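Worksheet: one structure, shown below.
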Amino acid sequence: MKIIIFILILILGCNVNDETNTKKHDIKNVKPIKRSTELTIKDTIHIEDNRHLIGQISTVISKASNNGNLYLYDRRNHLFLEYNRTGKLINIVGKNGTGPGEYLNPSNIYIDEKNYKYIFDTAKFTTIVFDNHDKFIREYKYSIGFPFPGELKIDSSYKIITLTNMGVNRYKEVEYFHFLNNKFKIVKSLKIDYPDIYNRYDLMNLTTPIWDANKKNIFITFPATNSIYIYNLNANLTTVWKLNSHFFKSINKKLDITLSAIKKKKFFSSYSLSSFLKIFKKNYIFYAYQIGALQNNENINKRPYEGTYYFHILTINGEDLYLHKNKLPGPVIDVTENGFLYLLINDNPYKPMIGAYKIEIK
């Protein structure tokens, strides 16, 4: 596969500190503008499971391709299942295991414009590559950083992966963004700090950034913030967009890190969390956040959250398109480049259902 590598000169040590630090970057309060924007339901996809009983679908890892195929990650069976637009299971990408082309604990799948698949496995600390027929090609292993969350994005001009490398202070000097050459070797790196709210309230459980990139910038949001941080490709933080989200409830008290996992989930379910960010049609950004609600304790191991989900559509220049209705019927699985939104409507393993929506901007 021919990939042109864009030479990037990055300045290490660039920081994301308190949002009020205007000496290093601009602060932009994003206000809505009126444009005709709506979500139009195109398909309700009933996922076939007569060949494979799906466990809980991971919306964080699952993806969709421009041709409409869905790559759903089954948490229980640890497999990537490929479905077509009718919900028919057409393939299983790779398999669970330790051998070549196998994965143990994947944290991301990326599908490029040629329909090649790239799976990052945190256990093996590798990127596993499959061609457009899901044939295993090779693995690329990394030697530095900590293999989480291991998200990979590939463009015709760059390859970026996120690998954690904690500094002395766990919220400062965290090396996350690594630019790769055509052999998937790290050639340049970008260090970022977490926003001040993380250090203030000890939010180590929410440190996975949510991001996307184009040929000019990297757009980052953090789960505990209702803002988008924009870096240029010289590793300078240029702007912070502060979103005007009516239902976003920010964390305002310190987390007791000695709490059990269930009690931590209950703590976070009282607040809002940013959950998705994706560039589509080159000029727009789809951003979503959720307000979590803990279910009854007897269901805690199956479905710890019943969330309420909201979204914004922004232009690449930071204009928030006004929407009369911005509530979603379920969590976001993916938004494709051509503007299709996929939501998990029902994750019951016996009746899984996905909604496919067309994002229409006029």
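Every number in this text was worked out from the coordinates using simple rules, so none of it is lab data. No experiment lies behind these values; they were computed from the predicted model shown. Here Cβ is always computed from backbone atoms with ideal geometry, including for glycine, and neighbour counts include all displayed protein chains.
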Extended-chain gain in nm, criterion 0.36 nm per residue less alpha-carbon gap, Asn84 and Arg200: 37.2 nm
Take the alpha carbon atoms of region 323-340, find their center, do the same for region 50-113, and report the distance between the two centers in whole angstrom. 20
Once amide H atoms are placed 1.01 Å from N in the peptide plane, what residues at a sequence separation of 5 or more from Asn132, or on another chain, have their amide H within under 5 Å of its amide H? none
Determine, for Glu82, Glu38, the number of other Cβ atoms within 10 Å of each Cβ, and report the residues in order from fewest to most. Glu38, Glu82
Which of Ile128, Ile186 has the fewest Cβ neighbours within 10 Å, and the rest in rising order: Ile186, Ile128
Pairs to check: Lys263/Lys358; Lys254/Lys327; Lys114/Lys141; Lys124/Lys159; Lys172/Lys327; Lys95/Lys263. Give those whose C-alpha atoms are more than 27 Å from each other in this structure. Lys263/Lys358; Lys254/Lys327; Lys172/Lys327; Lys95/Lys263
Using the structure shown, select from Lys153/Lys265; Lys28/Lys153; Lys191/Lys265; Lys242/Lys278; Lys28/Lys265; Lys153/Lys216 the pairs with a Cα to Cα distance greater than 20 angstrom. Lys153/Lys265; Lys28/Lys153; Lys191/Lys265; Lys28/Lys265
³J(HN,Hα) across region 315-321 via Karplus (A = 6.51, B = -1.76, C = 1.60, θ = phi - 60°), whole Hz, x for Gly/Pro? 7, 5, 9, x, 9, 8, 6
Suppose we keep just the alpha-carbon trace of region 28-361; what are its Rg and Dmax in angstrom? 19.2, 53
